[in-house]
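Here the structure comes first, spelled out in structure tokens, and everything after it is commentary.
Any read-out appearing in this document is the output of simple, stated calculations on the displayed coordinates, not a laboratory observation. As the structure is a prediction and not an experimental result, all values here were calculated from the model. Backbone-built Cβ (ideal geometry, glycine too); neighbour counts: all protein chains shown.
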Amino acid sequence: MLICVSGRGWYQEWGCEPRELRPGDVVNIPAGVKHWHGAAKDSWFQHLAMEVPGEEARTEWCEAVDGEAYGQLG
């Protein structure tokens, strides 16, 4: 789960459109959903990330976000 605290950022699940994040926005991310999140290119971004323990659940860090795709975000 992500809770946006301040600044402006983006969240995107694999194969879906990106979603802009602003303070107070909450994103519930089910286990196994490939995604990325980070600051907008013209802002800083502060968030809280919480993980609920589960069986056979773990964090898996994937490839970096493509710079060209990131640069197209507003």
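Net charge near Asp25: determine it from the other residues with C-beta under 14 Å of the C-beta of Asp25, scoring Lys and Arg +1 and Asp and Glu -1.
Around Asp25, the surrounding residues sum to +2.
Under a point-charge model restricted to the Cβ atoms of Lys and Arg (+1) and Asp and Glu (-1), what is the dipole moment magnitude of the chain relative to its Cα centre, in debye to the nearest 20?
280
How large is the Rg to Rh ratio of the chain when both quantities use alpha carbon positions and Rh follows Kirkwood?
Rg/Rh: 0.96.
Counting pairs of alpha carbon atoms under 8 Å apart in space and at least six apart in sequence, what relative contact order in percent does the chain give?
Once divided by the residue count of the chain, the mean separation gives 36 percent.
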